[in-house]
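Encoded as structure tokens, the structure appears first; notes follow it.
Since every read-out is calculated from the coordinates, none of them should be taken as a lab result. Because the structure is predicted, anything quoted here is derived from the model rather than measured. In this analysis, Cβ positions are derived from the backbone assuming ideal geometry, glycine residues included, and neighbour counts consider all displayed protein chains.
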Amino acid sequence: MRKFPIKHVATCSMLVIALFVCFILFTEKPVALSVADGSTDFEESVRSNLGPLEQSTIDAGRSALPDELVDELSEYSSNGSHASWRESAELVQVEIRNGDSLSTIFNRANIPHADLILVQHASPDQWQTQRLLAGRHLRYQLSDDGDLEYMEYSPEDLTVFSFTRIDDELTCEVRTRKIVSKETYHYVSIESGDSVISAGLAAGVKQEKTVWKIPKLLQWDLDFYHDIHPGDSYQILYYEQFVDGEYYGDGEIIALQFVSGDQTYELVRYEENGILNGYFTPKGYAARKRFLRSPVEYTRISSGFNPRRLHPIYKVHKPHRGIDYAAPIGTPVYATADGTVSEFGKNRLNGNYVFLKHDRVYATKYLHLHRIDPSVKKGAEVKQGQRIGSVGSTGVSTGPHLHYEFIVNGVHQNPATVHLPEGEPLSESEIARFQAHANELVARMEALKTKYQANSPSLVKN
Ligand SMILES: [Zn+2]
């Protein structure tokens, strides 16, 4: 059958394609035009007909967030609360000066007076009672015609007022920015000349307050004044917080391991039903113990005070039955455990002194004090961490320091190394759940350490 020549076939297919194209053109475009109400700009019409929530999805596609954060952010803001958030790169920023009002700022920025009225009368009560704070910023964007398209103001880091132009109105929305927490790990090696703090910062911990938590958490275990040596190391797993993809600050420490000489101390944070129970060893004993390892806070003595000045003192106390903490005069001295004052006063050798009795077994002594606190009376009860006096140089002493003695059953022990009673164990009912949590954290730290070692073999000694 050759009745249908090949060129007819070609013509027919062309016709079919042309019809199909026409169908697409005439069905799609008129719909768009009708929604756009006469507008010829298709995208503009979509934008102006969507509420702020839908606009955010348009903006989200252009977000400058690191990929790994986008998922978390969308998870945290699934209620659509970061609706009108805009990329700050496309916004103009003006600083609010002392004495500024919206009117003076709008004048300075050449924003039309009509928009000022709209913003001033925006409805939320929270906006109406809001003050402009000097030093904070307004961020805005003008249209090609010079009208205010978008404006935002944060009176503090986590609250944002945003104004979005929708038709002839500026719609105000109050948004609470969500903090997104991310786990962060650091391995910190303490080299000669480092302090626990400086080494942590050098290893990449962003906030000093995070590193300062370490001597606080281990104050029952480690004497940070005497026990830290080059070659010691620690690992911390903690939260870094992000707001809109930007680093906001550090959160809590989740787990921590400190290696001092041949001793390893480990603590994990434990919550139950969202309530913090505290920090515990992986075996389930509380970090908090009956005795503080040191009667002087590490924070007070690490700041540039040179302990070497004290060496002659070792010749004075013979045999040296305690440990010396060189610290500026007036530095607080704390009772290391609950107890009662067994003796206090002043003599030629000890200067001002306080002796505490903790029970039949344990006693502690504090010598060369500058002052004894008025709460210290014979037989008075003291609590762990209670201030009993201040560092001085009274009695036989060649420089300001605290001489501290630790007595077990009448025998002097080295306070820095004496074995101290463990903290309270978790209850039987909690221990199983805790153990699973602790094991998981310890394993995770171990894996992170291995990964770290693989990346920087020269920095890790064991
Ligand atoms: Zn001494």
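Seen from all directions on average, segment 168-212 presents a Cα convex hull projection of 5.4 nm². Note on W220, W212: ascending count of other Cβ atoms within 10 Å places them as W212, W220, the fewest first. Label-to-label distance for K377 and E430 is 3.7 nm, based on points extended 7 Å past Cα in the beta-carbon direction.
Every Cα-Cα pair of segment 164-284 was included, and the share exceeding 19 Å stands at 55 percent. In terms of its C-alpha gyration tensor, segment 330-462 comes out prolate, because a/c is 1.5 or above and the ratio a/b outweighs b/c. If you take all other residues with their beta carbon under 10 Å from the beta carbon of Y153, and give Lys and Arg +1 and Asp and Glu -1, the sum is +1. Peptide packing: for 367-373, 271-277, 124-130, the average count of neighbouring Cβ atoms within 10 Å per residue gives the ranking 367-373, 124-130, 271-277, highest mean first.
For Q453 and Q120, a Förster radius of 51 Å and the Cβ-Cβ distance give a FRET efficiency of 0.25, rounded to the nearest 0.05. Working from the Cα coordinates of segment 361-408, the gyration tensor eigenvalues give, after taking √(5λ), semi-axes of 20, 15, 9 Å in decreasing order. Summarising the label geometry, the points placed 7 Å from Cα in the beta-carbon direction at E422 and S198 lie 3.8 nm from one another. Gyration tensor over the Cα atoms of segment 84-177: the corresponding equivalent ellipsoid has semi-axes (square roots of 5 times the eigenvalues, largest first) of 17, 15, 14 Å. Between N107 and E156, the simple spin-label model (points 7 angstrom out along Cα→Cβ) gives 3.1 nm.
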